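Structure first, then comments.
The values are calculated or read from the model by the stated rules, or taken from the named source; none is laboratory data. Since we're looking at a predicted model, the values are computed, not measured. Here the Cβ positions follow ideal geometry from the backbone for every residue, glycine too, while neighbour counts run over all protein chains shown.
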Ligand code: SF4
């Protein structure tokens, strides 16, 4: 393991966390950091952005596999793609990290906050921010906005990348041989990644074939 983890404590005396998870590779380090610190948490998997359903199911099953390995409760929320596409209307050609992504984070945090409110959680966070491809400030803004409707819920803006978190995320993914998704998730990110790959002489993405392993090179 690259760097020793620090012992985490939940803010403001909270005693458990509802952790929105986007996928196994991003949540692996977050989950192990929480487990190592003795923090009680549940995984909330709500990602109606992921397209197509084949990719959605692979990502979800990988996350379930890892949660079961550690006996962490896994909440499998709706795959309400109709709502996601309705909210994405008019933003189809926006670039990654733009307003479509703000909508996408908002939607996932809103559902996480609602679930927390209805099921007795007072603190939420997400694995989304650990990816170096994401804008952490954008993600935190969305998390804070989602809980602003609930005086009883706080958003934890912990930076999961720091103290070696980014490196351990890759190490864990290789150790666990997680499925390695090659695009962010939505149909538009799949389209744009394929366009980029083809303009750089690479083949289109093949779903369901790439897995992390210790033998692989860093991207
Ligand atoms: S690129 Fe990623 S974050 Fe942005 S809208 Fe698509 S799935 Fe959501």
Is it fair to say residue 25 is under 16 Å from residue 168 (Cβ atoms), touching a residue at least 12 places away in the same chain (Cβ under 8 Å) and surrounded by 20 or more Cβ atoms within 10 Å (Cβ to Cβ)? yes
Of (1) crowded, with 16+ Cβ neighbours inside 10 Å; (2) within 16 Å of the ligand (Cβ to nearest atom); (3) in a helix (DSSP H, G or I), residue 50 satisfies every one except (3)
Note: among 164, 143, just one is in contact with a helix residue (DSSP H, G or I) (Cβ under 8 Å, 6 or more places away or on another chain) and touching a residue at least 24 places away in the same chain (Cβ under 8 Å), namely 143
If we take the stretch 103-219, then helices (runs of 4 or more DSSP H) inside it with 2 or more residues that are within 16 Å of the ligand (Cβ to nearest atom), modelled with pLDDT of 95 or more and buried (at least 16 other Cβ atoms within 10 Å of the Cβ) are 136-147, 187-199
Those residues of the stretch 64-99 which are more than 16 Å from the ligand (Cβ to nearest atom), surrounded by 16 or more Cβ atoms within 10 Å (Cβ to Cβ), in contact (Cβ under 8 Å) with a residue 40 or more places away in the chain and in a helix (DSSP H, G or I) amount to 66
Checking 211, 121 in turn, the sole residue that is more than 14 Å from the chain's Cα centre (by Cα) and within 19 Å of residue 58 (Cβ to Cβ) turns out to be 211
